[in-house]
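Accompanying notes for the structure given below.
The values are calculated or read from the model by the stated rules, or taken from the named source; none is laboratory data. Every value quoted in this text rests on a predicted model; they were computed, and no experiment measured them. When we count neighbours, we look across all protein chains shown, and the Cβ atoms used for this are built from the backbone with ideal geometry, even at glycine. Side chains included, ligands, DNA and RNA excluded: accessible areas come from the protein's heavy atoms. Shrake-Rupley method; radii C 1.70, N 1.55, O 1.52, S 1.80 Å.
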Amino acid sequence: MTTVVPTETPTLVSGTPVVLRAHGYEAAIASVGASLRSLTFEGRDLVVPFDADELRPAYRGTTLAPWPNRIVDGIHRFDGVEHQLALTEPNRGHALHGLLSWADWNVTDASDDAVTLAATVTAQAGYPWWLVVSTTYRLGTDGLTQTVRATNLSDTPAPWGTGPHPYLVAGPATLDEWSLILPADTVLEVTPDRLSPVALASVAVDAERFDFRDERVLGAVEIDHAYTGLIRDADGRASVVVTDPSGTGVAMSWAGECAWVQIHTADLPAGPGTPGHRAGLAVEPMTCAPDAFNDDAYDFDTGVVSLDPGASHEAGWTISAR
């Protein structure tokens, strides 16, 4: 019997650490999940952080691929074939946030202000395609921009989607006191127990809970919903802005590749007093809707990408101090 003895010191729990600094920003990236571990501007937190030697709390800051959000029952149908994924959200019975959130991505390039990481989606039960995925984090005068690029290495088309999972922090006050601007006309209604998609509705259907087209205080609202019908600026970008009563704030913006955004007020089942409960506002630009791989089941365009063999797809987003 052969015993294999490790020859290297184990990495930190969150994987290989990379720190970027430029233009008053500092970003800490963890290789597990290609996660944004922390982001500050002039020492002020812009996202809810976690420690380098800490098991990442749930999906905080991770890169979501080859799908964001959830696939209902873990079942999807693509090109007439049904696939069953592992149920990674067991309390609701869904496949959650893709296949790479707990993978240890390889750092392929790094400098003072940018880092690129790469990982491979291997063909497996429920997702029988090979994809190579890379992501670059880069600091600029406008903040931290992340881009995600996927290339299909298989000989048949593959369903694809992506997005990030940061929890934004506006300032020292509680989330209930922050003001939100969310430029979206439409919200995806979901079942209350499992958050399974039901139908699109105007945000006016429950304006007090869903309509933040004009800036107003979040208060005690609880949101864990996807929005679309995004109102964009002249450059085609949509922006979510969260502001603290002190005047500080944070914005997240993205271009047309992301037609959806998931908003979550970080309410945890155990409620107040639980670490992380309403500690930040999850803002997740997404290239596709929840359960997008089941596009035929809905009467709206979910945005799922059918990635041809050898083809690539890219999307990105930026977090900026206000």
Restricting attention to segment 282-300, which residues are of a type in the set (A, V, I, L, M), in a strand (DSSP E or B) and out of contact with any Ser or Thr (no Cβ under 9 Å at 6 or more places or on another chain)? Val283
Looking across segment 143-174 at residues that are within 20 Å of the chain's Cα centre (by Cα) and within 18 Å of Phe50 (Cα to Cα), the single one that is most open to solvent (accessible area, probe 1.4 Å) is Tyr167
Give the number of residues within segment 11-57 that are among the polar types (S, T, N, Q), assigned to a strand (DSSP E or B) and under 18 Å from the mean Cα position of the chain (by Cα). 2
Of (1) open to solvent by less than 70 Å² (accessible area, probe 1.4 Å); (2) assigned to a loop (DSSP other than H, G, I, E, B); (3) without any contact (Cβ under 8 Å) to a residue 40 or more places away in the chain, Leu87 fails just (1)
Can you say whether Phe78 is surrounded by 14 or more Cβ atoms within 10 Å (Cβ to Cβ), touching a Pro at 6+ places or on another chain (Cβ under 7 Å) and either of a type outside the set (Phe, Trp, Tyr) or farther than 24 Å from Arg138 by Cβ (or both), as far as the supplied structure shows? yes
Which listed residue, of Ala282, Ala289, is surrounded by 19 or more Cβ atoms within 10 Å (Cβ to Cβ), more than 23 Å from Val48 (Cβ to Cβ) and under 14 Å from the mean Cα position of the chain (by Cα): Ala289
With the structure loaded, tell me whether Val221 is surrounded by 15 or more Cβ atoms within 10 Å (Cβ to Cβ) and in a strand (DSSP E or B) or whether it fails that test. no
So Arg92, is it at negative phi, open to solvent by 40 Å² or more (accessible area, probe 1.4 Å) and part of a loop (DSSP other than H, G, I, E, B): yes
Being open to solvent by 20 Å² or more (accessible area, probe 1.4 Å), closer than 30 Å to Glu314 by Cβ and free of Cβ contacts under 8 Å to residues at least 24 places away in the same chain is the requirement here; does Arg232 meet it? no
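Right, Arg60: in a strand (DSSP E or B) and among the basic types (Lys, Arg) or not?
Numbers: in a strand (DSSP E or B): no; among the basic types (Lys, Arg): yes.
No, not satisfied.
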Can you find a residue in segment 135-142 that is open to solvent by less than 40 Å² (accessible area, probe 1.4 Å) and more than 30 Å from Pro245 (Cα to Cα)? yes
Where a residue in segment 29-46 is open to solvent by 10 Å² or more (accessible area, probe 1.4 Å) and its partner, wherever it lies, is in a strand (DSSP E or B), with Cβ under 6 Å and at least six apart: Val32/Asp104; Arg37/Ala28; Arg37/Ala30; Ser38/Ala28; Thr40/Glu26; Phe41/Tyr25; Phe41/Ala321
Hey, any hits in segment 250-263 for a residue that's within 21 Å of Phe210 (Cα to Cα) and charged (D, E, K, R)? no
Criterion first (in a loop (DSSP other than H, G, I, E, B), in contact (Cβ under 8 Å) with a residue 12 or more places away in the chain and open to solvent by less than 10 Å² (accessible area, probe 1.4 Å)) does Ser101 satisfy it? yes
Hey, does segment 242-256 have a residue that's part of a helix (DSSP H, G or I) and surrounded by 13 or more Cβ atoms within 10 Å (Cβ to Cβ)? no
Just to verify a result, which residue in segment 111-134, among those that are part of a strand (DSSP E or B) and polar (S, T, N, Q), is nearest to Gly15 (Cα to Cα)? Thr116
